[in-house]
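Please read the structure below before turning to the comments.
Bear in mind that the values in this text are calculations on the coordinates, not laboratory data. Everything numeric in this text was worked out from a predicted model, so none of it was measured. Cβ placement follows ideal geometry from the backbone for every residue including glycine, while neighbour counts extend to all protein chains displayed.
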């Protein structure tokens, strides 16, 4: 999430809201957001319902697989990045910039 | 020809099995490019409710699933 924070101004300039999601508690997310200086929402999917709905629940870790979805202004999935490509937001930034021009 | 087909079938059946014995396959996203993203309402770190539909028609959303708080990435 640190990398998303570093790219936040670029993403905001591309009309993009960043939302982090994990199966951590809100309490954990608050402590972590303060520690690393994240200013965008970190959402608590306690119990994993949303993680499961997106097909990302990994029973081995009882947690989500690392994935970033770009959802366009029509609410449709425009881009999906997994694992290391999801950690580095540069391709997500490009996908969002392309989506800004579409509208 | 039939034999080759059977061998291929056998190999296709065995490979995921061998793989599974080693490491379970990671989960595959059930939401695909072009799908309507499933809506949700979740609570953020400041106890505010955030719903995906709030951004429809206004902003793109970069929805970043992470494994655990207090880890890298």
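Rounded to the nearest 10 degrees, the inclination of helix A:90-101 to the longest alpha-carbon principal axis of chain A is 50 degrees.
Rg of the Cα atoms in the stretch A:1-58, relative to 2.2 N^0.38 Å, amounts to 1.20.
Taking 0.890 mPa s as the viscosity and 25 °C as the temperature, the Stokes-Einstein diffusion coefficient of the protein assembly as shown based on its alpha-carbon Kirkwood radius rounds to 143 µm²/s. Reported to the nearest whole Å, the Cα centre-to-centre distance from the stretch A:1-63 to the stretch B:51-73 is 6. Quick note on chain A: its Rg to Rh ratio, both from C-alpha atoms and Rh being the Kirkwood radius, is 0.96.
Ordering A:53, A:34 by the number of other Cβ atoms within 10 Å of each residue's own Cβ, fewest first, gives A:34, A:53.
Expressed to the nearest 5 percent, the antiparallel share of DSSP beta bridges inside the stretch A:2-101 is 70 percent.
Between residue A:34 and residue A:61, residue separation times 0.36 nm minus the direct Cα-Cα distance comes to 7.3 nm. Most tightly packed first, judged by the mean number of other beta-carbon atoms within 10 Å of their residues, the peptides A:87-95, A:1-9 read A:87-95, A:1-9. Shown for B:52, A:42: other C-beta atoms within 10 Å of each C-beta, ranked fewest to most, produce the order B:52, A:42. With both residues required to sit in the protein assembly as shown, DSSP beta bridges show an antiparallel share near 65%.
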